[in-house]
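Structure first, then comments.
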Amino acid sequence: MLDTETCQIKPAGRHFTGSDQRAPLRDGLTNAGQMGPTQTAGRFYPIACVALEITQRCNLDCTLCYLSDKAESAFDVPLVVLKRRIQMIYDHYGPGTSVQITGGDPTLRKTTDVAELCRFIRSLGMRSCLMTNGIRAKREMLAELADAGLNDVAFHVDLTQERKGFATEADLNAVRADYIDRAKDLGLRILFNTTVYDGNLAQIPDIARFFRDHPEHLTLVSFQLQADTGRGVLRARDDEVSQASVMAAISRGIAALIDFDTVRVGHSDCNRYASMVIAGGKAISALGNQGLVADLIGELEHHETRLDGHLDIAPTLWRVIRRKPWLALRAARHMLSLAWQLRRGLVRTKGRASRLAILVHNFMDGKKLDSERCQSCVFMVATEDGPLSMCAHNAKRDDYLFQPARVETDGKTQWWSAATDRMTNKPVHADAAPTPRKLLKGRMKAAVVKQTSRT
């Protein structure tokens, strides 16, 4: 473990100098003993996604929040800085990379700003995902962003947000259904995020059941375990909240044995992945044949012609089929087996089946960082000095948030400060102004309320 104060995990640098963009992640996973035969990270892509924080403002006060105590006093990052960071993401990871437009809540910025970022991301051949609590993400906004090139929208909904009028996760399924209605048929992939803690662990089956019953509109759902980081009033995780307990709760809700042990997406202590096929309320694991999955991954890697960026699956898969017809036959037999297991559901849906990906994320506590996990991280944050592991970033968030940002215009270099919203000719490390009382969140707000009650 690495104490935050002595953590040596650094951003990856402003420029990538190698020829193989997958090499850093592949090397990190190899050093951590995680490059098994079904590992996809570092083999087919150089990174899973990179967060681009465009604001620190938020219209909720979650009991588990990764933002810092000072976050609300930070000014919004200028578009010119954000575009440079998008270019930096491209330089490191290439086309096909998923850029998560996040915050805070990004919908608190002008929709025209977000749309401009979506267009720029698309112009580089990358994908954009809007990460939002959904409160301001009305259908009109989502339609405008989809027209600008937005690919995905990820809605974060759970009890830690303390939305008024919703006492259980089952109650919040009404919010989830409303958000699906807002986003469906716009050409967007729809994702959901859920924070898991001891207060909702027993209710995870209710959420999983809802997702099972709405697969035709969903692409991926993620369950993110509580971590002791940020400004939230909840801190240490209960021992009952673990990867194993969350995966078991999801399986109970979906009423199917889910295989989280076949395909790897980064470090297994960080991420667990499953894929379901669903029809008519019946769900089965798509990854039950581990030998077939391992052989397919091995052949895809063997027949790939590109050595950097993201694997273009379709042409590589066709090369495998042409050269290894026996493997294609095995895959066809597996698909027929899945169809037979889903036969009753397929009758009800007139032959239509949906695939739903499930991720369980196990984030690290801010003061208990594991060096190997940080160096093999598949979820990064764009900082002034390059991409950085999300957990390492959250552990020392203010250091990166208030670092002067370089702005180059007309051959002139200036520096922008999130603390002052001013440009200077030299980098100035200004202290953030005290957060106004009305904007206090998390622990600082709780401390003020406690002090007020005493007096």
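The values are calculated or read from the model by the stated rules, or taken from the named source; none is laboratory data. Please read all numbers here as calculations on a predicted model, not as lab measurements. Cβ: placed from backbone, ideal geometry, glycine included. Neighbour counts: every protein chain shown. Each accessible area value is taken on the protein alone, full model and side chains, heavy atoms only, with ligands, DNA and RNA left out. Shrake-Rupley method; radii C 1.70, N 1.55, O 1.52, S 1.80 Å.
Some notes on this structure:
- Meeting the requirement of 2 or more residues that are among the polar types (S, T, N, Q), at pLDDT 95 or above and touching a Gly at 6+ places or on another chain (Cβ under 9 Å), the strands (runs of 3 or more DSSP E) wholly within segment 126-209 are 127-132.
- Some residue of segment 198-217 being surrounded by fewer than 22 Cβ atoms within 10 Å (Cβ to Cβ), under 19 Å from the mean Cα position of the chain (by Cα) and within 30 Å of Ser68 (Cβ to Cβ): no
- Among residues of segment 373-396 being more than 16 Å from the chain's Cα centre (by Cα) and open to solvent by less than 10 Å² (accessible area, probe 1.4 Å), the one that is nearest to Arg26 (Cα to Cα) is Gly386.
- Scanning segment 416-430 for residues that are in a loop (DSSP other than H, G, I, E, B), open to solvent by 30 Å² or more (accessible area, probe 1.4 Å) and within 12 Å of Pro78 (Cα to Cα) yields Asp421, Arg422.
- Every residue from segment 227-253 that is open to solvent by 10 Å² or more (accessible area, probe 1.4 Å), closer than 27 Å to Lys70 by Cβ and not hydroxyl-bearing (Ser, Thr, Tyr): Ala227, Asp228, Gly230, Val233, Leu234, Arg235, Ala236, Arg237
- Note on segment 269-286: residues that are part of a loop (DSSP other than H, G, I, E, B) and either out of contact with any strand residue (DSSP E or B) (no Cβ under 9 Å at 6 or more places or on another chain) or surrounded by fewer than 20 Cβ atoms within 10 Å (Cβ to Cβ) (or both) amount to 3.
- Under the condition of being more than 25 Å from Pro46 (Cα to Cα), among the polar types (S, T, N, Q) and open to solvent by 10 Å² or more (accessible area, probe 1.4 Å), the residues counted in segment 80-132 number 2.
- So Arg355, is it touching a strand residue (DSSP E or B) at 6+ places or on another chain (Cβ under 8 Å) and among the charged types (D, E, K, R): yes
- Subset of segment 397-415 [crowded, with 19+ Cβ neighbours inside 10 Å and assigned to a helix (DSSP H, G or I)]: Arg397, Tyr400, Leu401
- In segment 287-324, the qualifying residues are those that are among the basic types (Lys, Arg) and in a loop (DSSP other than H, G, I, E, B), and the one that is surrounded by the most Cβ atoms within 10 Å (Cβ to Cβ) is Lys324.
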